[in-house]
1. For segment 11-42, which positions are free of Cβ contacts under 8 Å to residues at least 60 places away in the same chain and under 13 Å from the mean Cα position of the chain (by Cα)?
2. Any idea how many residues of segment 34-59 are among the hydroxyl-bearing types (Ser, Thr, Tyr) and surrounded by 18 or more Cβ atoms within 10 Å (Cβ to Cβ)?
3. For segment 43-74, which residues satisfy the criterion of being free of Cβ contacts under 8 Å to residues at least 40 places away in the same chain, farther than 21 Å from GLN130 by Cα and in a strand (DSSP E or B)?
4. Name the residues in segment 81-125 that are surrounded by fewer than 16 Cβ atoms within 10 Å (Cβ to Cβ), touching a strand residue (DSSP E or B) at 6+ places or on another chain (Cβ under 8 Å) and part of a loop (DSSP other than H, G, I, E, B), would you?
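What follows is calculated from the coordinates using simple rules that are stated; it is not laboratory data. This one's a predicted model, so the numbers in the text were calculated from it and none came from an experiment. For neighbour counting, all protein chains shown are included, and Cβ atoms are generated from backbone atoms with ideal geometry for every residue, glycine included.
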Amino acid sequence: MRQQTPATPEGSRSRCKIILVEIQATADKVYDFASDPRNLPAWAPNFAKAVSANEKEWVVETEDGPVAIEFAPRNDLGVLDHWGRLPDGAKFFNPMRVVPDGDASILSFILFRQDGWDDDRLASDAALVQADLDRLKAHLSA
């Protein structure tokens with residue numbers, strides 16, 4: 001399912017948005033929670049309404065239908081990358097990483113522009129991701 005990053009559409013000013021959040025929790029704590037797909041509805045409800053697994057993959061129920069998700073293998077580097085396949089067959093890649101910052105951590109998420117997205121759509125989706133990451137921050141900082 002892995003796919004190359006999308007090309008920049010003609011006339012576009014940016015290919016992606018980089019979203020960062022500082023979390024007052026250790027990187028291990030953030031990684032353990034965020035790497036479990038079953039936790040997605042708790043912190044990413046703008047994307048995941050429910051999550052299930054079948055024999056081949058994780059399936060996230062979204063408002064647009066089921067999305068098949070593949071996550072990076074568990075690792076000691078804080079890599080939380082994930083790849084997805086939308087109901088229409090389109091694929092996406094979201095690089096995501098948590099890095100330690102003392103007793104806190106920094107979580108980064110790169111949102112790539114998808115085919116057909118204009119600047120407003122990229123900004124709108126980036127705002128949804130920011131809200132989800134802020135929710136993760138609130139949950140883990142408590």
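1. SER35, ASP36, PRO37, ASN39, LEU40, PRO41
2. 1
3. Once the filter is applied, which keeps residues that are free of Cβ contacts under 8 Å to residues at least 40 places away in the same chain, farther than 21 Å from GLN130 by Cα and in a strand (DSSP E or B), segment 43-74 yields SER52, ALA53, TRP58, VAL59, GLY65, PRO66.
4. LEU86, PRO87, GLN114 - these are the residues of segment 81-125 that are surrounded by fewer than 16 Cβ atoms within 10 Å (Cβ to Cβ), touching a strand residue (DSSP E or B) at 6+ places or on another chain (Cβ under 8 Å) and part of a loop (DSSP other than H, G, I, E, B).
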